[in-house]
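Have a look at the structure below before the remarks.
The values are calculated or read from the model by the stated rules, or taken from the named source; none is laboratory data. Small disclaimer: the values here were computed from a predicted structure and weren't measured. Neighbour counts run over all protein chains shown; Cβ positions are idealised from the backbone, glycine included. SASA here: full protein model, heavy atoms, side chains in, ligands and nucleic acids out. Shrake-Rupley method; radii C 1.70, N 1.55, O 1.52, S 1.80 Å.
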Amino acid sequence: MPATRPSLQHTLQSFGDISRFLRESVADEDSRQLRDSLSGLSNHIDEAVRTRRTSTDTAAITRRVVALSHCAREHQLFLTGLGSAWHALYEFGAYQRALRELRNAITAWQQALEQRNTRESACFDQFELLAWRTLGEALLLVDMYEHQSEPVSELPSEPPPPRSALQRAAAWLRRWRS
């Protein structure tokens, strides 16, 4: 176990980095609310992981996991209330699937803790893997939504590329002479 300590510190800092990223640049109200909800989920994940890695008190770890489970449930309920622009994205469905898998992993971890099952460590590892995947899917979802909702007027107005070889050559000559 001691040999993996440096990477554990990196993991703890990285979950916090995701929360900080989610609090930055906000595009619209839906995006802001989703970022806030994701930030809360990320913070609960961070606290559960930190408690599991630094404490041997099973009751304290279980309390964190129960709070995380509640937060993940609330977050999933929040998703159902988002507008159709969110639901139309492919990434939305992928994120919901990842979140369901994460919730199942949280439940398995919680049960292993409560039953003092020897598979608790494996359940924790699976949870942590799915937490990373879920947060990655969430970041992709937010990014795709915000790029989709950017106003067209912000895009650079360049003429479409010439179609024929002659037009392409003429355009190249104009750029070369400039």
Inspect the range 75-86 for any residue being open to solvent by 20 Å² or more (accessible area, probe 1.4 Å), of a type in the set (Val, Ile, Thr) and in a helix (DSSP H, G or I) and give the result as yes or no. yes
Filter the range 52-88 for residues that are touching an Asp or Glu at 6+ places or on another chain (Cβ under 8 Å) and either under 17 Å from ALA105 (Cβ atoms) or without any contact (Cβ under 8 Å) to a residue 60 or more places away in the chain (or both) and give the result. THR62, ARG64, ALA67, LEU68, LEU82, GLY83, TRP86
Only unsatisfied item for THR56, checking (1) buried (at least 21 other Cβ atoms within 10 Å of the Cβ); (2) not in a helix (DSSP H, G or I), is (1)
Pairs needed: first member in the range 116-131, more than 11 Å from ALA105 (Cβ to Cβ); second member anywhere, open to solvent by 50 Å² or more (accessible area, probe 1.4 Å); C-beta distance under 9 Å; at least 6 residues apart or different chains. ASN117/GLN111
Boolean, SER42 is assigned to a helix (DSSP H, G or I), hydroxyl-bearing (Ser, Thr, Tyr), modelled with pLDDT under 95 and touching a Gly at 6+ places or on another chain (Cβ under 9 Å): yes
Only one of these conditions is not met by ALA48: (1) touching a helix residue (DSSP H, G or I) at 6+ places or on another chain (Cβ under 8 Å); (2) open to solvent by 20 Å² or more (accessible area, probe 1.4 Å); (3) over 30 Å from GLN148 (Cα atoms). Which number is it? (2)
